[in-house]
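Take a look at the structure set out below.
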Amino acid sequence: MDLKQHIRGVPDFPKPGILFYDISTLLRNGLAFRTAIHRLGRAIQPYAPTMLAGIESRGFLLAAPLAMELGLGFVMLRKRGKLPGETVGLDYALEYGTDRIEIQADAVRPGDRVVILDDLLATGGTMSAGIQLLRKVGAEVPAAAAMVELTFLGGRDRLGVPCEVLVSYD
Ligand code: PRP
Ligand code: MG
């Protein structure tokens, strides 16, 4: 199956001149969604993860079903102020300003190998912050994975770990 056929490019969203790759159309198709999860599973299994992490919000849509399919635990990397209990956070730069993601301080155990998932790798700023945050709480991060990569933005060069992707645009 060609997953690209299920991803819609929406021009001028969220700003004029930006072509937004929308995975909503893929998620609406049960077979395409399941195929994407299976393929991500095959791609990340060689890294022998003990747990998966997803980045709010769209990363959750892939990481949670994939964790269930592989029989692994799932941990949420959330936007600021959403998680109860003791948390650890990391601020990272956006095009304008900064953002912050957080994790529960006890989310991983020493020695956990956590593969991090998001829907899309663009500049890599979000994924890179997620990797650093997981390391801050003691996880080993052998790899990242995303459904879509915007290759022309060079995000993977910022990660320092391999990134498995299903669909690339250049
Ligand atoms: C989008 C996308 C990735 C990130 C990629 O998330 O889902 O998480 O941007 O961009 P980057 O590689 O340049 O960091 P967004 O912040 O729009 O939020 P959402 O997932 O909650 O929709
Ligand atoms: Mg996102």
Sorted largest first, the Cα spans of the chain on the principal axes come out in Å as 41, 37, 28
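Can you give me the orientation-averaged projected area of the convex hull built on the Cα atoms of the stretch 1-85, in nm²? All intermediate terms of the calculation are to be shown ahead of the outcome.
Values: hull surface 29.5 nm².
If I average the Cα hull's projected area over directions, I get 7.4 nm².
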What number comes out for accessible area per residue over the stretch 129-170 if the probe is 1.4 Å? Units Å², please. 42
Multiply the residue gap between residue 123 and residue 96 by 0.36 nm, knock off their C-alpha separation, and tell me the result in nm, one decimal place. 8.4 nm
Can you give the net charge of the other residues whose Cβ lies under 13 Å from the Cβ of residue 129, counting K and R as +1 and D and E as -1? +2
Length-normalised contact order for the stretch 74-170 - Cα pairs under 8 Å, 6+ apart - percent: 24
Over the stretch 1-105, what percent of the accessible surface lies on carbon and sulfur atoms, probe 1.4 Å? 54
Under 5 Å from the placed amide H of residue 149, counting only residues 5+ away or on other chains, we find 121, 167, 168, 169
Expressed in nanometres to one decimal, the distance between label points 7 Å along Cα→Cβ at residue 24 and residue 1 is 2.0
With a 1.4 Å probe and every protein chain left in place, work out the accessible area per residue of the stretch 3-65 in Å², rounded to a whole number. 53
Residue-by-residue Karplus 3J(HN,Hα) for the stretch 38-45, coefficients 6.51, -1.76, 1.60, Hz, glycine and proline x: 4, 5, 5, x, 5, 5, 9, 4
Partner lysines for residue 79 [C-alpha distance under 25 Å; skip if fewer than 8 residues away on the same chain]: 15, 136
Taking H as built 1.01 Å from N, whose amide H comes closer than 5 Å to the amide H of residue 87, not counting residues under 5 places away? 105
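The values are calculated or read from the model by the stated rules, or taken from the named source; none is laboratory data. Note that the structure is a prediction, hence the values are computed from the model and not measured. Using ideal geometry, Cβ is built from the backbone for each residue, glycine included, and neighbour counts are taken over all protein chains shown. Only protein heavy atoms, including side chains, enter the accessible area calculation; ligands, DNA and RNA are left aside. Shrake-Rupley method; radii C 1.70, N 1.55, O 1.52, S 1.80 Å.
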